[in-house]
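Notes to accompany the following structure.
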Amino acid sequence: MKKTVTTAVSRKASIWGQTLRPRTLPAAVGPVLLGQALVVPGYFAWLTALLCLLCALSLQLAVNLANDLFDGLSGVDQPDRLGPTRALQAGWLSARELRAGLAVTLGVAVVTGLWLVLFGHWLLWVPGGLALLGVLGYSGGRRPYANLGLGEVAVWLFFGPVAVLGGQLAQHSPITPQAVAAGVLVGLPVAAILVVNNLRDRHTDARAGKITLAVRMGPSATRRLFGLLTAGPLAVTLPLWMPVWAWGAWGITGLAALGLVREMQRRDGAALNALLGLTALYSLAMAFWLWLRLGVAGA
């Protein structure tokens, strides 16, 4: 009996682990760490930095659960789905369980966010409120903004300027030109993750009436957009006057970008799934490069 209970608990934990999509977390980690790394010396506090990271991770997990729940309830997820199996679609978790998980992750985000607002800058109310609406509004509600082709724009906004500059405000740090540039650039490869996802799902999304940017643009233009989002930040941060070590870091990151762009051109359908995690890792590498370029060498 004890073994049966242990097996059931282990299976449920495995299901939750898959449903939460931990491979997407590098996309949330990179922008936050970059923002904290660019805080003006003398303003940095470890507790604030950890709370910023916890808030971002909670929001990312909440997004994953919300998409599983709302796409399952709306009929977007069907048996011929090409992406990783969704818990509600497969019957692994009920809508009630997913709502409970969503409430927990959003609750952690709200509690940490309130702390940051109370002890940070009052302007954090604005991005904090927008982030909550963004989690629930991408695939939920009467008019999900994914249907308007705004998903990539929202991802860029929240994983770029909001993550980086919001971290600066939380630390009461002055907003520097380097931080603004970092916020604009670091969100682009994170948005590229959604481009991969929507290119893979363009046929089933169109059938379900989910008119994403990939549905609107078509596969060729969507692949070009992916190249722009991944390689673009490298192009505008070309280290013309930087030391040799910076050229090396830029070159390694550039090779990774070229590899992703090449695979994006070659793959389609379920074969694109492997690029989701790789693009998330690349976004983390891009955050590291931008810290080197704008923080270390740009100081």
>> Show me the ranking of peptides 161-173, 228-240, 13-25 by mean Cβ neighbours inside 10 Å, starting with the highest.
In response: 161-173, 228-240, 13-25
> At what distance in angstrom do the alpha carbon centres of the stretch 5-57 and the stretch 66-82 lie from each other?
Replying inline: 25 Å
> Can you give the convex hull volume per residue for the Cα atoms of the chain, as a whole number of Å³?
Replying inline: 143 Å³
> Between rounded, prolate and oblate, where does the stretch 90-168 land on the alpha carbon gyration tensor, with a ≥ b ≥ c its root eigenvalues, rounded for a/c under 1.5, else prolate if a/b exceeds b/c?
Replying inline: oblate
> Using a simple spin-label model with points 7 Å from Cα along the Cα→Cβ vector, what separation in nm is obtained for H121 and R216?
Replying inline: 3.0 nm
> Under a plain spin-label model, where a point goes 7 Å from the Cα along Cα-to-Cβ, how far apart in nm are T204 and L114?
Replying inline: 3.8 nm
>> Mean Kyte-Doolittle hydropathy of 0.5 or higher plus an axial Cα length of 15 Å or more: which whole DSSP H helices in the chain meet both?
In response: 25-37, 46-74, 95-119, 125-137, 177-200, 219-236, 244-266, 273-290
> Of all chymotrypsin sites (Phe, Trp or Tyr not before Pro) in the stretch 207-250, which ones are in loop regions per DSSP and have a Cβ with at most 15 other Cβ atoms within 10 Å?
Replying inline: W241
>> Given the -39500 (n - 2.57) contribution per DSSP H run of 4+ residues, what per-residue ellipticity at 222 nm results for the chain, rounded to the nearest 500 deg cm²/dmol?
In response: -23000 deg cm²/dmol
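Each value in this text was obtained by applying a stated rule to the coordinates, not by laboratory testing. Computed from a prediction, not measured in an experiment: that's the story for all the values here. We place every Cβ from the backbone using ideal geometry, glycine too, and count neighbours over all the protein chains shown.
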